[in-house]
Amino acid sequence: MLSIQDKNINNSLLRKKEVFRAFTDDEFNRISHSMHFRKYKKGQVLFDEGDHRNKVFYLSKGLVKLERYDVSALYMYTDYIKEDKLFPYGELFSNPTYRYTAYCLTDVEMYCIPTELFESVLAANPNQMLHFYKSLSSILKEHEERIQFLVGSNASSRIVKALSFLMDDLGISVGDNKIKVPYPITICEIATISGCSRETVGIKLKQLKQIGKIEYSHKLLTFNDVLYFKNYLEE
(Lines give C-alpha, C1' and ligand atoms only; values in the text may rest on other atoms or scores of the structure.)
Protein backbone atom coordinates (compact mmCIF):
# COMPACT_ATOMS: atom_id res chain seq x y z
CA MET A 1 0.00 0.00 0.00
CA LEU A 2 1.08 3.58 -0.55
CA SER A 3 1.98 5.88 2.31
CA ILE A 4 -0.08 9.06 2.80
CA GLN A 5 2.77 11.10 1.29
CA ASP A 6 3.05 8.79 -1.72
CA LYS A 7 -0.71 8.96 -2.23
CA ASN A 8 -0.62 12.76 -2.26
CA ILE A 9 2.24 12.77 -4.79
CA ASN A 10 0.54 10.26 -7.08
CA ASN A 11 -2.82 12.02 -6.82
CA SER A 12 -1.24 15.27 -7.95
CA LEU A 13 0.21 13.48 -10.99
CA LEU A 14 -3.07 11.73 -11.77
CA ARG A 15 -4.92 15.04 -11.57
CA LYS A 16 -2.99 16.25 -14.63
CA LYS A 17 -3.83 13.21 -16.76
CA GLU A 18 -6.33 13.81 -19.55
CA VAL A 19 -8.65 11.11 -18.27
CA PHE A 20 -9.13 13.05 -15.00
CA ARG A 21 -8.37 16.64 -16.09
CA ALA A 22 -11.92 17.89 -16.72
CA PHE A 23 -13.26 16.74 -13.36
CA THR A 24 -13.70 19.49 -10.78
CA ASP A 25 -11.46 19.37 -7.71
CA ASP A 26 -14.34 18.10 -5.61
CA GLU A 27 -15.16 15.39 -8.15
CA PHE A 28 -11.55 14.27 -8.44
CA ASN A 29 -11.20 14.17 -4.66
CA ARG A 30 -14.25 11.91 -4.42
CA ILE A 31 -12.67 9.55 -6.94
CA SER A 32 -9.14 9.66 -5.52
CA HIS A 33 -10.30 9.00 -1.96
CA SER A 34 -11.97 5.79 -3.12
CA MET A 35 -9.34 4.50 -5.52
CA HIS A 36 -6.75 1.88 -4.55
CA PHE A 37 -3.25 1.41 -5.94
CA ARG A 38 -2.38 -2.17 -6.87
CA LYS A 39 0.54 -4.10 -8.37
CA TYR A 40 0.04 -7.31 -10.32
CA LYS A 41 2.53 -9.81 -11.68
CA LYS A 42 2.80 -10.89 -15.31
CA GLY A 43 0.16 -13.51 -16.09
CA GLN A 44 -2.28 -12.53 -13.35
CA VAL A 45 -5.96 -12.25 -14.33
CA LEU A 46 -7.61 -8.95 -13.41
CA PHE A 47 -11.13 -10.11 -14.20
CA ASP A 48 -12.88 -12.79 -16.24
CA GLU A 49 -15.61 -12.37 -18.81
CA GLY A 50 -18.91 -12.47 -16.96
CA ASP A 51 -17.54 -11.22 -13.61
CA HIS A 52 -19.49 -8.48 -11.86
CA ARG A 53 -18.25 -5.13 -13.19
CA ASN A 54 -17.46 -3.52 -9.85
CA LYS A 55 -14.23 -1.70 -10.78
CA VAL A 56 -12.83 0.64 -13.40
CA PHE A 57 -9.05 0.56 -13.88
CA TYR A 58 -6.46 3.19 -14.71
CA LEU A 59 -3.20 1.60 -15.91
CA SER A 60 -0.12 3.55 -14.86
CA LYS A 61 2.56 1.01 -15.83
CA GLY A 62 2.73 -2.11 -17.96
CA LEU A 63 0.55 -3.79 -20.57
CA VAL A 64 -2.83 -5.51 -20.19
CA LYS A 65 -4.54 -7.75 -22.74
CA LEU A 66 -8.30 -7.98 -23.21
CA GLU A 67 -9.69 -11.05 -24.94
CA ARG A 68 -12.99 -12.80 -25.52
CA TYR A 69 -13.85 -16.20 -26.98
CA ASP A 70 -17.09 -17.61 -28.35
CA VAL A 71 -18.87 -20.69 -26.99
CA SER A 72 -16.77 -22.98 -29.19
CA ALA A 73 -13.58 -21.49 -27.65
CA LEU A 74 -12.52 -20.07 -31.01
CA TYR A 75 -10.85 -16.64 -30.94
CA MET A 76 -13.19 -13.68 -31.33
CA TYR A 77 -11.57 -10.52 -30.02
CA THR A 78 -8.31 -9.24 -28.59
CA ASP A 79 -7.01 -5.80 -27.66
CA TYR A 80 -4.24 -4.21 -25.63
CA ILE A 81 -4.32 -1.56 -22.92
CA LYS A 82 -1.11 0.40 -22.50
CA GLU A 83 0.07 2.88 -19.89
CA ASP A 84 -1.98 5.99 -19.06
CA LYS A 85 -5.23 4.39 -20.19
CA LEU A 86 -8.49 3.79 -18.38
CA PHE A 87 -10.47 0.61 -19.06
CA PRO A 88 -12.89 -0.91 -19.81
CA TYR A 89 -14.67 1.83 -21.79
CA GLY A 90 -17.34 -0.16 -23.60
CA GLU A 91 -19.19 -1.31 -20.48
CA LEU A 92 -19.59 2.12 -18.87
CA PHE A 93 -23.26 2.81 -18.03
CA SER A 94 -24.32 -0.44 -19.69
CA ASN A 95 -23.27 -4.02 -18.94
CA PRO A 96 -23.38 -5.14 -15.29
CA THR A 97 -20.63 -7.67 -16.10
CA TYR A 98 -17.27 -7.54 -17.87
CA ARG A 99 -17.44 -8.50 -21.53
CA TYR A 100 -13.80 -9.57 -21.70
CA THR A 101 -11.13 -11.35 -19.73
CA ALA A 102 -8.22 -9.09 -18.78
CA TYR A 103 -4.80 -10.32 -17.79
CA CYS A 104 -1.34 -8.85 -17.39
CA LEU A 105 1.16 -9.31 -20.21
CA THR A 106 3.81 -7.67 -18.02
CA ASP A 107 4.10 -6.70 -14.37
CA VAL A 108 1.64 -3.84 -14.01
CA GLU A 109 0.75 -0.99 -11.66
CA MET A 110 -2.75 0.45 -11.68
CA TYR A 111 -5.47 2.28 -9.80
CA CYS A 112 -8.80 0.58 -9.13
CA ILE A 113 -11.90 2.79 -8.87
CA PRO A 114 -15.36 1.64 -7.74
CA THR A 115 -17.57 1.52 -10.84
CA GLU A 116 -20.69 2.95 -9.23
CA LEU A 117 -18.87 5.98 -7.86
CA PHE A 118 -16.95 6.64 -11.07
CA GLU A 119 -20.05 6.48 -13.27
CA SER A 120 -21.96 8.71 -10.87
CA VAL A 121 -19.26 11.41 -10.89
CA LEU A 122 -18.71 11.10 -14.64
CA ALA A 123 -22.43 11.45 -15.43
CA ALA A 124 -22.53 14.78 -13.58
CA ASN A 125 -19.70 16.34 -15.62
CA PRO A 126 -20.56 17.07 -19.29
CA ASN A 127 -16.97 18.08 -20.20
CA GLN A 128 -15.47 14.86 -18.89
CA MET A 129 -18.31 12.86 -20.43
CA LEU A 130 -17.49 14.40 -23.81
CA HIS A 131 -13.88 13.27 -23.41
CA PHE A 132 -15.01 9.71 -22.74
CA TYR A 133 -17.40 9.78 -25.68
CA LYS A 134 -14.59 10.89 -28.02
CA SER A 135 -12.28 8.23 -26.62
CA LEU A 136 -14.88 5.52 -27.13
CA SER A 137 -15.57 6.74 -30.68
CA SER A 138 -11.84 6.57 -31.41
CA ILE A 139 -11.66 3.00 -30.10
CA LEU A 140 -14.64 1.93 -32.21
CA LYS A 141 -13.17 3.54 -35.34
CA GLU A 142 -9.87 1.75 -34.75
CA HIS A 143 -11.60 -1.61 -34.35
CA GLU A 144 -13.67 -1.07 -37.50
CA GLU A 145 -10.49 -0.31 -39.45
CA ARG A 146 -8.82 -3.45 -38.11
CA ILE A 147 -11.71 -5.59 -39.29
CA GLN A 148 -11.69 -3.96 -42.71
CA PHE A 149 -7.93 -4.40 -43.09
CA LEU A 150 -7.78 -8.01 -41.93
CA VAL A 151 -10.88 -9.48 -43.57
CA GLY A 152 -10.29 -10.73 -47.08
CA SER A 153 -6.51 -10.30 -47.13
CA ASN A 154 -4.17 -13.20 -47.77
CA ALA A 155 -2.20 -14.63 -44.83
CA SER A 156 1.00 -12.73 -45.62
CA SER A 157 -0.77 -9.37 -45.78
CA ARG A 158 -2.75 -10.07 -42.60
CA ILE A 159 0.46 -10.74 -40.68
CA VAL A 160 2.11 -7.53 -41.90
CA LYS A 161 -1.06 -5.58 -41.09
CA ALA A 162 -1.20 -7.12 -37.61
CA LEU A 163 2.41 -6.05 -37.07
CA SER A 164 1.51 -2.58 -38.35
CA PHE A 165 -1.31 -2.32 -35.79
CA LEU A 166 1.08 -3.31 -32.99
CA MET A 167 3.60 -0.72 -34.18
CA ASP A 168 0.99 2.01 -34.40
CA ASP A 169 -0.78 1.17 -31.13
CA LEU A 170 2.09 0.18 -28.82
CA GLY A 171 5.30 1.44 -30.43
CA ILE A 172 7.58 4.29 -29.41
CA SER A 173 10.02 6.13 -31.66
CA VAL A 174 13.68 5.20 -31.12
CA GLY A 175 15.23 7.06 -34.06
CA ASP A 176 14.66 8.13 -37.64
CA ASN A 177 12.12 5.84 -39.28
CA LYS A 178 12.48 3.34 -36.44
CA ILE A 179 9.92 2.26 -33.83
CA LYS A 180 10.17 -0.26 -30.99
CA VAL A 181 7.39 -1.99 -29.07
CA PRO A 182 8.61 -1.91 -25.44
CA TYR A 183 6.50 -4.92 -24.42
CA PRO A 184 7.09 -8.63 -25.09
CA ILE A 185 4.90 -9.83 -27.97
CA THR A 186 4.90 -13.55 -28.69
CA ILE A 187 4.48 -15.23 -32.08
CA CYS A 188 1.25 -16.70 -30.70
CA GLU A 189 -0.04 -13.16 -30.00
CA ILE A 190 0.66 -12.12 -33.60
CA ALA A 191 -0.96 -15.33 -34.86
CA THR A 192 -4.11 -14.60 -32.84
CA ILE A 193 -4.40 -11.04 -34.14
CA SER A 194 -3.79 -11.99 -37.76
CA GLY A 195 -5.87 -15.16 -37.76
CA CYS A 196 -2.90 -17.18 -39.02
CA SER A 197 -1.05 -20.20 -37.68
CA ARG A 198 2.01 -19.84 -35.49
CA GLU A 199 4.11 -21.50 -38.19
CA THR A 200 2.95 -19.08 -40.88
CA VAL A 201 3.73 -16.09 -38.65
CA GLY A 202 7.19 -17.49 -37.88
CA ILE A 203 7.97 -17.85 -41.59
CA LYS A 204 6.78 -14.30 -42.37
CA LEU A 205 8.77 -12.81 -39.48
CA LYS A 206 11.88 -14.58 -40.74
CA GLN A 207 11.33 -13.12 -44.22
CA LEU A 208 10.84 -9.61 -42.84
CA LYS A 209 14.00 -9.94 -40.75
CA GLN A 210 16.01 -11.13 -43.75
CA ILE A 211 15.09 -8.05 -45.80
CA GLY A 212 15.77 -5.72 -42.86
CA LYS A 213 12.20 -4.53 -42.29
CA ILE A 214 11.99 -5.74 -38.70
CA GLU A 215 13.98 -7.08 -35.77
CA TYR A 216 12.52 -9.66 -33.40
CA SER A 217 14.58 -10.76 -30.42
CA HIS A 218 13.53 -11.93 -26.94
CA LYS A 219 9.89 -11.29 -27.96
CA LEU A 220 10.62 -7.60 -28.61
CA LEU A 221 9.70 -6.03 -31.96
CA THR A 222 11.71 -3.25 -33.61
CA PHE A 223 10.43 -1.80 -36.87
CA ASN A 224 13.35 -0.64 -39.02
CA ASP A 225 11.21 0.62 -41.91
CA VAL A 226 8.26 2.50 -40.42
CA LEU A 227 7.02 3.80 -43.79
CA TYR A 228 6.76 0.25 -45.10
CA PHE A 229 4.39 -0.74 -42.29
CA LYS A 230 2.48 2.56 -42.35
CA ASN A 231 1.62 1.91 -45.99
CA TYR A 232 -0.26 -1.19 -44.87
CA LEU A 233 -2.28 0.88 -42.40
CA GLU A 234 -3.30 3.28 -45.17
CA GLU A 235 -4.46 0.62 -47.64
Inset, instruction - Evaluate segment 191-208: report whether one residue or more is under 18 Å from LYS65 (Cβ atoms), in contact with a strand residue (DSSP E or B) (Cβ under 6 Å, 6 or more places away or on another chain), at pLDDT 90 or above and open to solvent by less than 70 Å² (accessible area, probe 1.4 Å). - result: no
Legend entry - Where MET129 falls short, out of the listed (1) under 20 Å from LYS17 (Cβ atoms); (2) in a loop (DSSP other than H, G, I, E, B): (2)
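Yes/no per residue for (1) aliphatic (A, V, I, L, M); (2) surrounded by 14 or more Cβ atoms within 10 Å (Cβ to Cβ); (3) more than 21 Å from the chain's Cα centre (by Cα):
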position: ASN10; (1), (2), (3): no, yes, yes
position: LYS16; (1), (2), (3): no, no, no
position: PHE20; (1), (2), (3): no, yes, no
position: ASP25; (1), (2), (3): no, no, yes
position: ILE31; (1), (2), (3): yes, yes, yes
position: LYS39; (1), (2), (3): no, no, no
position: GLY43; (1), (2), (3): no, no, no
position: GLU49; (1), (2), (3): no, yes, no
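What strands (runs of 3 or more DSSP E) completely inside segment 29-123 contain at least 1 residues that are of a type outside the set (D, E, K, R) and either in contact with a helix residue (DSSP H, G or I) (Cβ under 8 Å, 6 or more places away or on another chain) or over 28 Å from LEU166 (Cα atoms) (or both)?
On the way: elements: 36-40, 45-47, 55-61, 64-69, 75-81, 85-87, 101-104, 108-114.
Counting at least 1 such residues, we get 36-40, 55-61, 75-81, 85-87, 108-114.
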Legend entry - segment 157-178 residues that are farther than 13 Å from GLU142 by Cα and β-branched (Val, Ile, Thr), paired with ones that are at pLDDT 90 or above and assigned to a helix (DSSP H, G or I) (beta carbon under 6 Å, 6 or more apart): ILE159/VAL201; ILE159/LYS204
Inset, instruction - Give the residue that is modelled with the highest pLDDT, with candidates limited to residues of segment 123-162 that are aromatic (Phe, Trp, Tyr) and either open to solvent by less than 50 Å² (accessible area, probe 1.4 Å) or touching a Leu at 6+ places or on another chain (Cβ under 6 Å) (or both). - result: PHE132
Legend entry - Output for segment 191-215, where each listed residue is without any contact (Cβ under 8 Å) to a residue 60 or more places away in the chain and within 21 Å of the chain's Cα centre (by Cα): ALA191, SER194
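The values are calculated or read from the model by the stated rules, or taken from the named source; none is laboratory data. Predicted model, so just to flag it, every value in this text is computed and none were measured. Quick reminder, even Gly has a Cβ in these numbers, built from the backbone with ideal geometry, and neighbours come from all protein chains shown. Only protein heavy atoms, including side chains, enter the accessible area calculation; ligands, DNA and RNA are left aside. Shrake-Rupley method; radii C 1.70, N 1.55, O 1.52, S 1.80 Å.
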